[in-house]
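J.: The structure is given below, and queries will be raised subsequently.
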Amino acid sequence: MIKSNGTLFFLFLVVFQFLMTGLFLSVRHLLPEAILLSPVFLMVWMVVMFLLPLAIWLGIKKERLSLHMPNAHLGAVNTLLVLGISFFLIPFMALIASVTTLFTPNVAADFMEQTQAHSLWLMLLAVAVAPAVVEEVVFRGYIQSQYLNWPFWCVAVMNGFLFGLIHMNFSQFFYAFFMGVIFAYMVHLTRSIWAGILSHFFLNAVNVVMFRVLSWAADQRAEADVLYESVEITPVDTVISVGIIALIFAPFLVLLWYRFVAYNRRRFGGAGDCS
């Protein structure tokens, strides 16, 4: 049985990222802003900050990454269930983000605003594809595999907590924590890392597309304001509106999650336990 050294690896990851961030800040002034905000740089940075320390750690431990990847076939039914659950999770993610925005700037939204000049497809690669693959391999792959002797609800909470911490800012911590717990259960129940990758990609991709659509709508409204007075929408209004949508979506989310759990318990002979 694999020893529970996920926390040790996480500490190694944090130290590695701290050192790399310090190195980056020391040379940041040498790089043009256009490069720093380019999708290609973001993808390279993701690999350096997550996959490189994992590769170094596995080299030190003399282990293969494949030993830590849940690799069961996801299948068509699970694919549809994961996508359906992810869709009904959207207002809950938006609710968490809108509540935290009441207390702190939305770092993710600020970043998306700064990168609007890049094409949608490049941003989907940088913000949806790369994080989905890299972060799932590290967190729901390697780290999650290190706690085999824990009750799984503890593993999921630990995984979500560490995933929230690695984002290193208050505005992203809470919805990253929530996402981490959901992804952990998806991978655990399906025994497939692809469940986490698919859901992670879908949620991030929807955020990218929705931000572009909302930005376009805001521009259109700004032009129309020449003809009529605009109605100001406050952050509290947003929380209330998104909260109502989340309540409407909740029964569908619960139903799909129940079907998801039941299907995978039957698939693996009752072994896909949530406890």
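J.: Considering only residues that are open to solvent by less than 40 Å² (accessible area, probe 1.4 Å) and either modelled with pLDDT under 95 or not in a helix (DSSP H, G or I) (or both), which ones fall in region 180-203?
T.: Matches in region 180-203: Ser192 only.
J.: Are there any pairs with C-beta distances below 8 angstrom linking a residue in region 170-192 that is in contact (Cβ under 8 Å) with a residue 60 or more places away in the chain and within 14 Å of Ser145 (Cβ to Cβ) to a residue that is open to solvent by 10 Å² or more (accessible area, probe 1.4 Å) and part of a helix (DSSP H, G or I), with the two at least 6 apart or on different chains, and if so which?
T.: Val187/Gln144; Val187/Ile193; His188/Gln144; His188/Phe152
J.: State which residue is modelled with the highest pLDDT when the search covers only region 215-262 and only residues that are hydroxyl-bearing (Ser, Thr, Tyr) and surrounded by 11 or more Cβ atoms within 10 Å (Cβ to Cβ). Show your work before the answer.
T.: Within region 215-262, the first condition is being hydroxyl-bearing (Ser, Thr, Tyr), and the residues that meet it are 215, 228, 230, 234, 238, 241, 258.
The next check asks that each one be surrounded by 11 or more Cβ atoms within 10 Å (Cβ to Cβ); those that pass are 215, 238, 241.
Values: Ser215: 78, Thr238: 86, Ser241: 93.
Restricting to residues being hydroxyl-bearing (Ser, Thr, Tyr) and surrounded by 11 or more Cβ atoms within 10 Å (Cβ to Cβ), the top hit is Ser241.
J.: Let me ask you something else. Failed condition for Leu42, given (1) more than 26 Å from Met112 (Cβ to Cβ); (2) in contact (Cβ under 8 Å) with a residue 60 or more places away in the chain; (3) among the hydrophobic types (A, V, I, L, M, F, W, C), with all others met?
T.: Against the list (1) more than 26 Å from Met112 (Cβ to Cβ); (2) in contact (Cβ under 8 Å) with a residue 60 or more places away in the chain; (3) among the hydrophobic types (A, V, I, L, M, F, W, C), Leu42 comes up short only on (1).
J.: Another one. So which helices (runs of 4 or more DSSP H) are wholly in region 30-130 and hold at least 3 residues that are loosely packed, with under 15 Cβ neighbours inside 10 Å? Even if it seems obvious, please write down each step before you answer.
T.: On the way: elements: 33-36, 39-46, 52-61, 75-101, 107-114, 120-124.
Correct list: 33-36, 39-46, 52-61, 75-101, 107-114.
J.: In addition: For region 25-39, state whether one or more residues are modelled with pLDDT of 90 or more, under 17 Å from His167 (Cα atoms) and not polar (S, T, N, Q).
T.: So far as region 25-39 goes, no, none of its residues is modelled with pLDDT of 90 or more, under 17 Å from His167 (Cα atoms) and not polar (S, T, N, Q).
Let's see how each residue does on (1) more than 10 Å from the chain's Cα centre (by Cα); (2) among the aliphatic types (A, V, I, L, M); (3) more than 19 Å from Phe268 (Cβ to Cβ); (4) part of a strand (DSSP E or B):
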position: Val157; (1), (2), (3), (4): yes, yes, yes, no
position: Ser171; (1), (2), (3), (4): yes, no, yes, no
position: Phe174; (1), (2), (3), (4): yes, no, yes, no
position: Phe178; (1), (2), (3), (4): no, no, yes, no
position: Arg212; (1), (2), (3), (4): yes, no, yes, no
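The values are calculated or read from the model by the stated rules, or taken from the named source; none is laboratory data. All values reported here derive from a predicted model rather than from experimental measurement. Please note: Cβ atoms are built from the backbone with ideal geometry, for glycine as well, and neighbour counts cover all protein chains shown. Accessible surface areas use protein heavy atoms only, side chains included; no ligands, DNA or RNA. Shrake-Rupley method; radii C 1.70, N 1.55, O 1.52, S 1.80 Å.
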